[in-house]
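Step one of this worksheet: look at the structure below.
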Amino acid sequence: MSKIKKINRRDFVKLFGLASGGIILGCAVSSDKKDFIPKIAGTFQPNLFVQITKDGLVTLISSRSEMGQGIKTSLASAIADELEADWKYIKVDQAIGHEKYGNQNTDGSRSVRTRLEPMRKMGALAKMMLITAASKKWNIAANECYAENHFIINKSTKEKIFFGDLVESAAALEIPSEKDIQLKKVEDFKFIGKKLKSVDLEAFTTGKATYGIDVRIPGLKFAAIARCPVTFGTVKSFDKSKAEKVAGVSEIIALERLKPPTGKFFGMLGGVAVIANNTWSAFQAKLDLKIEWNYGKNEHFNSEEFKKTITQRVQEKGKLVPGSYGNVNAAFKSAEQTIEATYNVPFLVHAPMEVPNATAWFQKDKIEVWAPVQDPQTARSELAHFFEIPIENITINVTFLGGGFGRKSKSDFVVEAVAISKKINAPVQVVWSREDDVQHSFYHAASAQYLKGGVDKNGKITGWLQRVGFPSIVSSFKPLSDYASGFELGQGFTNNPYLLDNFRLENVKAEANLRIGWLRSVVHIHSAFGNNCFVDELAFASKKDPIKLHLELIGKDRLVKGKSDFPYDAARMKTVLKETAKMANWGKSLPENHGIGVAIHYSFYSYVATIVEVSVKSKKVKVENIWTSIDCGLALNKDNIKNQLEGAAIFGMSLALFGKISTENGAVQQNNFYDYQMTRMKDAPNIHVNILDKMQEPPTGVGEPGVPVIAPAICNAIFNATGKRYRSLPLIDEGLV
């Protein structure tokens, strides 16, 4: 892409040339809204780009990272549909990290939500330009032409011209006005809402896809880093004599910790780096290092003691959270019975199949990086800060990500690679081992929740008190952030889907002794766990069917407007639940030792309900079936959505059954997949996915909303099968796996 030019703000696209010619269209869209016209006085700053060349190839520049969620294919389908393109001519290139693409942070299940409408408009605009070019060639009116399967066709004569043969004349045309764009009707969609093959399918299936760990450049060295077992510990001294004898080792150097400035970035932990001519030698020599550590203030952190501490705190009065209303104390006094329960979720780690890695080349006044990053712009800014290199001299080449789940939105591993490259004056690839990944991550916060509910003589829930404590993610940017932030509490805690007369929310102190970070679904994981397990307990106490009670608590149909353009719609939540109950045949007779449980959740503006069937034999749990329905508005690529929800089911099972990070004397105890287990193929259930047809609604999140409902539905199903409650994860600690 050449350069970005200023343009009248009333225009929403611009035409500019490349050396290769063709039509180049760009548009501007903000990161969280669907604004198509930028609100920057006098300046047009596009961050989405599409090119059509003489060979008919339609190339989309994807500003979001591809990590298995299918975003490149989904966005391409929007362009192709409105353009009336032939899918075989669609190509998607990955954008480098650059501010011209706007916010590139690929998280929060927001890529489709913020990109769909602008992509459709660009496709429609390109089609208009091609039709105009053809009509001029035939000397007829534009409305006497139409586009179909990569051709412009004359309605009267049926003569047709290939897109590629029109791009030069189309490129010379004035840009049509936004008001003249006519988007297709839902019933006319060719690609949107269908099942599409990935644009990267051949690369994935033939091994041609380049992940971060596949990068090779001339003169490349390989590095492994020994980091302090205790978070933020430092090197006191080290003996490298034995490690230096490993064949292939070239250097062994100390790395200072780089502390991020308050409110920004991630820095790096520091340690001792082994540089070698192959990864195996670097890994082996790292094991032969003898290091004496300064463990620092987190040396005595014990996760089990921390669990006891925050559990005790949630039993006592906490800080009132905005959003509370009514008088729960009065409700409890007048209740026929009150129900109390405490729920715990441990620290969790992402453990993507591709471990953190980065290739970097520091060259005097410029830096180039190749890495599987979710947030290339933050990585770029962070490197500019720490290494005092002009940001325009820093290039971040984004590779495919072999999984991310939020871990690769942190750029500490990129900073490490650049720091080593600068020290050794050569390009280097830093590769974390699985043990590094498990023991030195940014962890999903452990949490404790206390809930108390009042039930009157008619079985109505009259009051709801909920307290939560967990280390805030803000602690990774700002020291002494010991209470959860408002945006974290807004993830299923202050905005749960129920309509109650008396509702009180409180937050308690929870210090951070580990690095806290985003993990797929973030705080929704423990919010949904507490909410849904407690509703199940209330249903049992009030002698009601759990689905009936959920529907009662959701209450009357209503729209609840928040700060976004997506109000919560109670009717949609109820529909999702009813459709899931129908799909699972809720109420059917179950085999002996089988149980069924339900959970619902509203997250990333999507509505999800899950029903799980388990069997419990010899005190061991097996998940037999998972039924999940989602209302995510316009379903852009149904095959991809199905994949995402199937993956979310397995991800959620792993968290419920096995997921736990624990510490002793400040050090993480888990090492690899043998003690931080995942759901294996032999344990995979039958997964049934229902995508509700809401094509008239705007698209909402898909990648994360399927995760939070899985653990509570499993626990509720176990109660249904055994009559025993399990309120603390993972279930392997209870001997159930």
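FYI, it's all coordinate maths here, none of it is from the lab. Keep in mind the model is a prediction, meaning the values are calculated, not measured. Neighbour counts run over all protein chains shown; Cβ positions are idealised from the backbone, glycine included.
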So, in nm, how far is label Asp456 from label Lys333 when the simple model puts each one 7 Å beyond its Cα toward the Cβ? 1.6 nm
Below 8 Å, C-alpha to C-alpha, sequence gap of six or more: please give me the relative contact order for the chain in percent. 13 percent
Please give the calculated 222 nm ellipticity per residue for the chain, where each DSSP H segment of at least 4 residues contributes -39500 (n - 2.57) and the sum is spread over every residue; nearest 500 deg cm²/dmol? -8000 deg cm²/dmol
Place a +1 charge on the Cβ of each Lys and Arg in region 119-245 and a -1 charge on the Cβ of each Asp and Glu, then give the dipole magnitude about the Cα centre in debye, rounded to the nearest 20. 660 debye
Return P(r) of region 381-490 (all Cα-Cα pairs; 5 Å bins starting at 0; whole %; ordered from short to long distances). 2, 8, 12, 15, 14, 13, 10, 7, 5, 4, 3, 3, 2, 1, 0, 0
Among Ile424, Val468, Ser411, whose Cα lies farthest out toward the positive end of the dipole of region 394-497, if unit charges sit on the beta carbon of Lys, Arg (+1) and Asp, Glu (-1)? Val468
Relative to the present Cα-Cα distance, how much length would full extension add between Lys195 and Phe487 at 0.36 nm per residue of separation? 101.7 nm
As a footprinting exposure proxy, order Thr59, Thr206 by other Cβ within 10 Å, with the fewest listed first. Thr206, Thr59
Are there any helices in the chain, counted as whole DSSP H runs, that stretch 15 Å or more along their axis by Cα and score at least -1.0 on average by Kyte-Doolittle, and if so which? 71-83, 111-138, 376-387, 412-424, 524-541, 570-584, 638-657, 710-722
Could you tell me the convex hull volume per residue, in Å³, taken over the Cα atoms of the chain? 170 Å³
Tell me, in nm to one decimal, what length is gained between Asp165 and Asn149 on full extension, where the rule is 0.36 nm per residue of separation less the Cα-Cα distance? 4.3 nm
Projecting each Cα onto the charge dipole of the chain (Lys/Arg +1, Asp/Glu -1 at the beta carbon, about the Cα centre), which of Tyr676, His444, Tyr295 comes out farthest on the positive side? His444
Going by how many other Cβ atoms sit within 10 Å of their own, how do Ile217, Ile687 line up, fewest first? Ile217, Ile687
Which of Val167, Val418, Val249, Val373 has the fewest Cβ neighbours within 10 Å, and the rest in rising order: Val249, Val167, Val418, Val373
What residues have an amide H closer than 5 Å to that of Glu697, excluding those fewer than 5 places away on the same chain, when H is modeled at 1.01 Å from N in the peptide plane? Leu634
Karplus (6.51, -1.76, 1.60) ³J(HN,Hα), θ = phi - 60°, over region 443-457, in Hz, Gly and Pro reported as x: 8, 5, 5, 5, 8, 10, 10, 10, 10, 9, x, x, 10, 7, 5
Where Lys and Arg each count +1 and Asp and Glu each count -1, what net charge lies around Glu552 among other residues with Cβ under 11 Å from its Cβ? +4
Taking R0 as 30 Å, what's the FRET efficiency between Asn294 and Asp675 from their Cβ-Cβ distance, rounded to 0.05? 0.65
Let me check I've understood the local charge: for Gln466, count other residues with C-beta under 9 angstrom from its C-beta, Lys and Arg +1, Asp and Glu -1. What total comes out? +2
The alpha-carbon center of region 127-195 and that of region 264-283 are separated, in whole Å, by 54 Å
Label-point separation (nm) for Lys582 and Glu305, each offset 7 Å from Cα along Cα-to-Cβ? 5.5 nm
Semi-axes, largest first, in whole Å: what does sqrt of 5 times each Cα gyration tensor eigenvalue give for region 535-737? 28, 21, 16
Filtered pair list for region 497-579 (Lys only, Cα < 20 Å, 8 or more apart or interchain) has a length of 10
Whose amide H sits under 5 Å from the amide H of Ile661, counting only residues 5 or more places off or on another chain, with H placed in the peptide plane? Phe347, Leu348
For region 658-717, give the magnitude of the charge dipole about the Cα centre (Cβ charges: +1 Lys/Arg, -1 Asp/Glu; no others), in debye to the nearest 20. 140 debye
Inter-label distance, nm, simple model (7 Å from Cα along the C-beta direction), Thr234/Ser177: 6.5 nm
Applied in sequence order to region 193-198, the curve 6.51 cos²θ - 1.76 cosθ + 1.60 (Karplus, θ = phi - 60°) yields integer Hz couplings, x standing for Gly and Pro, of x, 9, 9, 10, 6, 4
Of the candidates Pro497, His524, Leu514, the farthest towards the positive dipole end of region 489-549 (Lys/Arg Cβ +1, Asp/Glu Cβ -1, centred on the Cα centre) is Leu514
Nearest-20 debye value, the chain charge dipole, Cβ charges on Lys, Arg, Asp, Glu: 700 debye
Long-range amide H partners of Ser606, meaning residues 5 or more apart or on another chain whose placed amide H is closer than 5 Å, are Gly701
May I ask for the net charge around Glu202, where only other residues with Cβ less than 12 Å from the Cβ of Glu202 are counted and Lys, Arg are +1 while Asp, Glu are -1? +3
